[in-house]
Amino acid sequence: MVVVMQEGSTEEQIQHVIDKLVAMGFDVHRSTGATHTVLGAVGVLTDFDPRHIELLDGVREVVRITQPYKLASRVFRPEGTVVDVGKGVRFGGPEVVVAAGPCAVESAEQVQAIAERVARLGAKLLRGGAFKPRSSPYTFQGLGEQGLKLLRQAADKNGLLVVSEVMDPSQISLMVSYVDVLQVGARNMQNYHLLRALGEVSKPVLLKRGMSATIEELLLSAEYIMAGGNYNVILCERGIRTFETYTRNTLDIAAIPVIKKLSHLPIIADPSHGTGRRDKVSPMARAAVAAGADGLLIEVHHDPEHALSDGAQSLYPDQFAQLMAELRIIAPAVGRRIA
């Protein structure tokens, strides 16, 4: 349920409504927009009469939310959420934000060479895995904390922010000192223990869609984080598993406008994992921006033929440069811009 307060309602009136909802057994989440304060009331009361709230001073209307996700619903924040990840970089605003870098941090020389190139070409975040969840236990699993240190050093030297994947609640305290955005990978989208733990931190969370997850399941996973008090959630469409085998996954471009309608949270696309093929990354990145994506997550490697992880889906720096030039033409056509 959402309680929309009248424009100009006083703080005393708002607090009275909050107290009333809490007394009824609801958990209350407050959202202050440009003109109205919105109160999201989460709870299951079968005998609840909305008139008990509608008649309180300062209340404009009470809206029952039928979706199972309440806080992630656009009804909770109709104007949309803008997630500020630091240094003025904002997901959900007019700028399409690009995060680029290697799949995995391999060495200081590797991550520094890539960071310098992607920063010069307009990326705002350096992406890279320090802890790598791999299908095979015999493949490269990442450098751990040393990888985080290398990411941070390369990002700071080139004016970038850092996004990297967290795999377990025990890693959160370590990672928050190195990264600006905590990424939840597709394999962990329904790791509810991890999601609850991320709800207790203030760092923005980039939540990837599971490879077999529906849009509703993705939004419910976001709900776990938001219910814990962390509203800084960025959704990511990274491809789903279908019967098609030519590409690694099927990048669900349609999910972008669908989520834009259902949720206020910003959504980005990962065409690298979405296709698994270097020659298909740029076309799908262009399509994602045209469809309304708030950002892109692109794998870039200076020597992908010898990459320790996912080299086949990593762009060469010159290919990334060409993509950024193309995006600067496409973005204005849909009312956006690229740095």
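Quick notes on this one:
- When residue 258 is tested against (1) in contact with a strand residue (DSSP E or B) (Cβ under 9 Å, 6 or more places away or on another chain); (2) surrounded by fewer than 18 Cβ atoms within 10 Å (Cβ to Cβ), only condition (1) is not met.
- Residues that are in contact (Cβ under 8 Å) with a residue 40 or more places away in the chain and surrounded by fewer than 20 Cβ atoms within 10 Å (Cβ to Cβ), drawn from the range 179-213: 187
- Qualifying residue in the range 68-77 (condition: hydroxyl-bearing (Ser, Thr, Tyr) and within 30 Å of residue 289 (Cα to Cα)): yes
- The range 307-327, residues that are under 22 Å from the mean Cα position of the chain (by Cα) and in a helix (DSSP H, G or I): 313, 320, 323, 324, 327
- Flag if residue 83 is in contact (Cβ under 8 Å) with a residue 24 or more places away in the chain, farther than 22 Å from residue 189 by Cα, under 19 Å from the mean Cα position of the chain (by Cα) and crowded, with 20+ Cβ neighbours inside 10 Å: no
- Scan of the range 131-158 for residues that are in a helix (DSSP H, G or I) and either of a type in the set (D, E, K, R) or at pLDDT 95 or above (or both), ordered by number: 145, 148, 149, 150, 151, 152, 153, 154, 155, 156, 157
- Subset of the range 295-339 [in contact with a Phe, Trp or Tyr (Cβ under 9 Å, 6 or more places away or on another chain) and aliphatic (A, V, I, L, M)]: 298, 300, 308
The values are calculated or read from the model by the stated rules, or taken from the named source; none is laboratory data. None of the values given here were measured: they were computed from a predicted structure. Quick reminder, even Gly has a Cβ in these numbers, built from the backbone with ideal geometry, and neighbours come from all protein chains shown.
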